[in-house]
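**Student:** Sending over a structure as structure tokens; questions will come in a sec.
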Amino acid sequence: MFYRENGQFKTSYRADQQIFPIAQDRMVILAFLAVAFVLVPMLATDYFYRAILIPLVIMSMAALGVNILVGYCGQISLGSGAFMAVGAYGAFNFFVRFPGMPLIPALILGGLCATFFGILFGLPSLRVKGLYLAVATLAAQFFSDWMFLRIKWFTNNSDSGSVSVSNLQFLGMPIDSAMSKYLFCLGLLVVVALLAKNLVRGAIGREWMAIRDMDVAASVIGIRPMYAKLSAFAVSSFIVGMAGALWAFVHLSSWEPAAFSVEISFKLLFMVIIGGLGSIMGSFFGAAFIVVLPIFLNQFLPSFLGLFGMEISTAGLSHAELMIFGALIVWFLIVEPHGLAKLWSTAKQKLRVWPFPH
């Protein structure tokens, strides 16, 4: 059987069912990976790694997890910070209570702890939706804050809830330099992103999107709302929990429950809204925007106002950041609901019309 898509012939279903079936898409993705894995380590400084790249990679993974729940399944969640905290403290307990525990299994087990926690607080989604579900998931945030502050076992009997890890290794190689931390996080992000991309384009992904668009109609055609919603909470919480463990182990090294406050939950939701609901690439764009914008404003705004003889205080910069975030959220919710992912989609469509050898 022969058929044509975007000027490229397909001769089998296997060829059509690739994660990136269009050759131009594969070339762009490979170019991005080459830049991230080869060019960036050649040019980036230690400050650039620690201030921008490592937070960007980890937050991209967390935003990806939130996007699966909010963007693909349509379940509003304000408890992402709690899922990150559970993943971080879960991985910490496995790491310190089982001597010799490798880093990757500890991160995965932390993600599984977040999975069970997410399913528990995802149960209200079977009965409520919208604002009521958002409030129910927000309860997870307050519960996790209380749990890690009051139950000393989770923090290895630390009175303040502050814990730390050191001597991280992967396959016998130490993860101590800024470059090694960046490459380790980036490698995990690529694996998780490919798995998520393959998941959302499969049967379970179509079930999530059917529930998002109209849950009553989805149940009529045989989709089980309970399975679809709880599976979305499970997958989302696992990815967010792994991101929380990476944030704690690799980026912070020493942390307390306040490191996963409700502010993190709102930031992750903003990343998804600004980047684009229901878009894997949108998660990366939203994370880049939220991580880079404060640094850009701190550097650019004082210089720009100085051209007019004006000064701005640190508090003023913070207020300007909040006002810009608020304006962008209103814009992307009302005017451009597809977010920055719409720009990516438009660029892909233009790229696909370029001549390409068959």
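**Student:** Can F170 be described as open to solvent by less than 40 Å² (accessible area, probe 1.4 Å) and under 29 Å from L56 (Cβ atoms)?
**Tutor:** Values: open to solvent by less than 40 Å² (accessible area, probe 1.4 Å): no; under 29 Å from L56 (Cβ atoms): yes.
In short, no.
**Student:** Being out of contact with any helix residue (DSSP H, G or I) (no Cβ under 6 Å at 6 or more places or on another chain), over 25 Å from C185 (Cα atoms) and among the aromatic types (F, W, Y): is that true of F143 here?
**Tutor:** Yes; evaluated as a whole, the condition is true for this residue.
**Student:** If the Cβ limit is 7 Å and pairs must be 6+ apart or interchain, which residue in the stretch 121-141 that is among the aliphatic types (A, V, I, L, M) pairs with which residue that is outside any helix (DSSP H, G or I)?
**Tutor:** L133/Q75; L133/I76; A134/I76; A134/L78; A136/V128; L138/L78; L138/G79; A140/G79
**Student:** I'm checking my understanding of the structure. Among residues of the stretch 198-235 that are of a type in the set (S, T, Y) and free of Cβ contacts under 8 Å to residues at least 24 places away in the same chain, which one is nearest to M84 (Cα to Cα)?
**Tutor:** Filtering the stretch 198-235 down to residues of a type in the set (S, T, Y) leaves 219, 227, 231.
Adding the requirement that they be free of Cβ contacts under 8 Å to residues at least 24 places away in the same chain leaves 219, 227.
Details: S219: 31, Y227: 23 Å.
So the residue we want is Y227.
**Student:** Under 7 Å by Cβ, and 6 or more places apart or on different chains, what pairs join a residue from the stretch 288-317 that is open to solvent by 70 Å² or more (accessible area, probe 1.4 Å) with one that is of a type outside the set (D, E)?
**Tutor:** Pairs that qualify, where the first residue is open to solvent by 70 Å² or more (accessible area, probe 1.4 Å) and the partner is of a type outside the set (D, E), are N298/L317; E311/L305.
**Student:** With the requirement that a residue be in contact with a Leu (Cβ under 7 Å, 6 or more places away or on another chain) and crowded, with 24+ Cβ neighbours inside 10 Å, what does the stretch 76-96 give you?
**Tutor:** Within the stretch 76-96, S77, G79, S80, G90, A91 meet the criteria.
**Student:** Considering only the stretch 98-132, how many residues are part of a helix (DSSP H, G or I), surrounded by fewer than 21 Cβ atoms within 10 Å (Cβ to Cβ) and modelled with pLDDT under 90?
**Tutor:** Number of matching residues: 5.
**Student:** Another question, if that's okay. Under the condition of being under 24 Å from the mean Cα position of the chain (by Cα) and acidic (D, E), which residue from the stretch 2-50 is modelled with the lowest pLDDT?
**Tutor:** Top of the filtered list is D25.
Residue-by-condition table, conditions (1) loosely packed, with under 15 Cβ neighbours inside 10 Å; (2) in contact (Cβ under 8 Å) with a residue 60 or more places away in the chain; (3) outside any helix (DSSP H, G or I):
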| residue | (1), (2), (3) |
| --- | --- |
| G161 | no, yes, yes |
| S166 | yes, yes, yes |
| L183 | no, yes, no |
| A193 | no, yes, no |
| A196 | no, yes, no |
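The values are calculated or read from the model by the stated rules, or taken from the named source; none is laboratory data. On a predicted model such as this, the values are computed, not experimentally measured, just so you know. Neighbour counts are summed over all protein chains in view; Cβ atoms, including those assigned to glycine, are modelled from backbone coordinates with ideal geometry. Ligands, DNA and RNA are excluded from the accessible area calculation, which covers all protein heavy atoms including side chains. Shrake-Rupley method; radii C 1.70, N 1.55, O 1.52, S 1.80 Å.
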